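What follows is calculated from the coordinates using simple rules that are stated; it is not laboratory data. Bear in mind that the values here come from a model prediction, so they are computed numbers and not experimental data. Cβ atoms come from the backbone with ideal geometry, glycine included; neighbour counts cover every protein chain shown.
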Amino acid sequence: MHIASDIVVSLYNPAGATPGMLSSGVEVRHGDYNDPASLDAAFAGTDRLLLVSSPSIAHTQRVAHHMAAIDAAKRAAVKRVYYTSLAFASDSRAAVMQAHLDTERYLKGSGIAYTILREGIYSESYPLYFGFWSATEGEDEVLVPHSDGGIAWVCREDLGEGTAKIMVGGGYENETCLLSGSRTVTLGQIAEKVSQLLGRNIKLAVGSEDDYVQRNLGKNGPRGEEEFLRKWATTYKAMERGELEVVDPLLEESVGRSLKPFEHTLKETLSIHGSVMEQYAK
Ligand SMILES: NC(=O)c1ccc[n+]([C@@H]2O[C@H](COP(=O)([O-])OP(=O)(O)OC[C@H]3O[C@@H](n4cnc5c(N)ncnc54)[C@H](OP(=O)(O)O)[C@@H]3O)[C@@H](O)[C@H]2O)c1
């Protein structure tokens, strides 16, 4: 039996802890990937570490963050590190997977027992894959390069619950587990679903990488930069190989119920733009 007071939560910004977290009984500490001493203090006295991958998209910095956490776990004599990797294949050339593969290698060589949890693609993040589409920007043709995929989408809440249950339940020592959704949805099918939900005719086009870069150049943030776009295009090469289509029953078995369908998250995400739904939904 585990209770909340068995859990230490290491936050970069403890002031951002939610009231629910603070009242739950977990102990909140400060841990910064860039400050090894803070990680020593954050991990002191703990025996299992869930290392949630760093949000940095810069490869070197991201891997350095993970290495710092694994080194600190070793100093703190943590008995098992659970690492949230990503669902691409072990030999993937997808740029976004490379920091995860480097981290997996480092963790395997660390001497600490590990469980690598390759998390499926978040349903909530679908616009990243669906050509950066936004219901409010009025684009009716969504352009992606190479492939319209097939992705075993999974929502963050199911991943969180499944991960917690796997950590509590034990097992999977020195194993790599895939936590995928229970079925795949292609980008073409997303175009159909969005069209139905909004009463618009959103079409998916699979074009060349150059077309994809041209379509997005100059848009806000990294997605408007050629270097980012060329790297992100490797995601679609991986999808062409079927890397994100793999369905594993482990997550559904771990939570002990059906996983939330992709369509539910899609509807919720579109409802966030309430006025758009009202404007377009028929
Ligand atoms: N599977 C997928 O499809 C998918 C999609 C997107 C992202 N991801 C990965 O999953 C991770 C979690 O995603 P998320 O959406 O939960 O991200 P998120 O909400 O942005 O969480 C990132 C966390 O990193 C913390 N952080 C930032 N800088 C830090 C530092 N220097 N030291 C320690 N902690 C630091 C932040 O702490 P504060 O809150 O205290 O600032 C925040 O809690 C991401 O970081 C990314 O690697 C996966």
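Quick look at the numbers
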{"quantity": "On Cα atoms only, tilt of 59-75 relative to the major axis of the chain in degrees", "calculated": "20"}
{"quantity": "Interchain or long-range residues, amide H under 5 Å from R29's placed H", "calculated": "V9, S10, L11"}
{"quantity": "Quarter of the Cα convex hull surface for the chain, i.e. its orientation-mean projected area (nm²)", "calculated": "15.5"}
{"quantity": "DSSP beta bridges in segment 4-119 [antiparallel fraction, %, rounded to 5]", "calculated": "5"}
{"quantity": "Normalised per residue, the volume of the convex hull around the Cα set of segment 4-119 (Å³)", "calculated": "103"}
{"quantity": "Largest-first principal axis extents, alpha carbons of segment 77-170, Å", "calculated": "53, 28, 19"}
{"quantity": "Residue with peak Gaussian network fluctuation, the chain [Cα springs, cutoff 10 Å], from V144, V206, V246", "calculated": "V206"}
{"quantity": "Peptides ranked, highest mean first, by Cβ atoms within 10 Å: ranges 113-125, 207-219, 88-100", "calculated": "113-125, 88-100, 207-219"}
{"quantity": "FRET E, pair K203, T18, Förster distance 41 Å, beta-carbon r, rounded to 0.05", "calculated": "0.55"}
{"quantity": "Backbone N under 20 Å from the H59 label point (7 Å along Cα→Cβ), restricted to segment 217-243", "calculated": "222-241, 243"}
{"quantity": "Pair E27, K74: separation of 7 Å Cα→Cβ label points (nm)", "calculated": "2.5"}
{"quantity": "Among N220, N201, N34, residue whose mean-square fluctuation peaks in a GNM of the chain (springs only between Cα atoms under 10 Å)", "calculated": "N220"}
{"quantity": "Set of segment 248-266 residues, backbone N closer than 18 Å to the point 7 Å along the Cα-Cβ line of E124", "calculated": "259-266"}
{"quantity": "Computed [θ] at 222 nm, helices only, for the chain once each DSSP H run of length n ≥ 4 contributes -39500 (n - 2.57)", "calculated": "-13000 deg cm²/dmol"}
